[in-house]
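The values are calculated or read from the model by the stated rules, or taken from the named source; none is laboratory data. This structure is a prediction, so every number in the text was calculated from the model and none was measured. All Cβ positions, even for glycine, are placed from backbone atoms using ideal geometry, and neighbour counts span all protein chains on display.
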């Protein structure tokens, strides 16, 4: 396994642990000091760029609290195995969100993760169906869990 793939697998596991525990410090120790984290494919202000460990961790928490935690369950799944890119990994994925009494919603996207000395230095995420995600959230606002 390449060093970048190992770093990616550690980061992906730390993300899921951070989500489960609502403790993003588990993930931020894997960040390079100058990390940049960008989410694209959503209208402003949902699309964002955060830089630095504390800002990135806060942005992840804010995003997860506003979207993921409004559902009963989230099931992330890669669409293909991670692909090596220069200094990093590219991954196409989907996350299925379910809430009792509502139809499931499948968020689709891809990400590019660049590592420096085993630390995540850059994460660029492109949401492919962001407009549909926001429309789903608006349509089912009352039935979803309250945003934190």
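Just a few scattered comments:
- Residue match in the range 29-41 (condition: assigned to a loop (DSSP other than H, G, I, E, B), touching a strand residue (DSSP E or B) at 6+ places or on another chain (Cβ under 8 Å) and in contact (Cβ under 8 Å) with a residue 40 or more places away in the chain): yes
- The single residue among 139, 73 that is loosely packed, with under 14 Cβ neighbours inside 10 Å and under 17 Å from the mean Cα position of the chain (by Cα) turns out to be 73.
- Residue pairs meeting the criteria (Cβ under 6 Å; at least 6 apart or on separate chains; first in contact (Cβ under 8 Å) with a residue 12 or more places away in the chain, in the range 1-20; second surrounded by fewer than 16 Cβ atoms within 10 Å (Cβ to Cβ)): 7/118
- Residues that are more than 30 Å from residue 140 (Cβ to Cβ), within 17 Å of the chain's Cα centre (by Cα) and either surrounded by fewer than 18 Cβ atoms within 10 Å (Cβ to Cβ) or modelled with pLDDT under 95 (or both) within the range 82-118 comprise 90, 112, listed in sequence order.
- All conditions but one from (1) touching a residue at least 60 places away in the same chain (Cβ under 8 Å); (2) farther than 16 Å from residue 36 by Cα; (3) not in a helix (DSSP H, G or I) apply to residue 69; the one that does not is (3).
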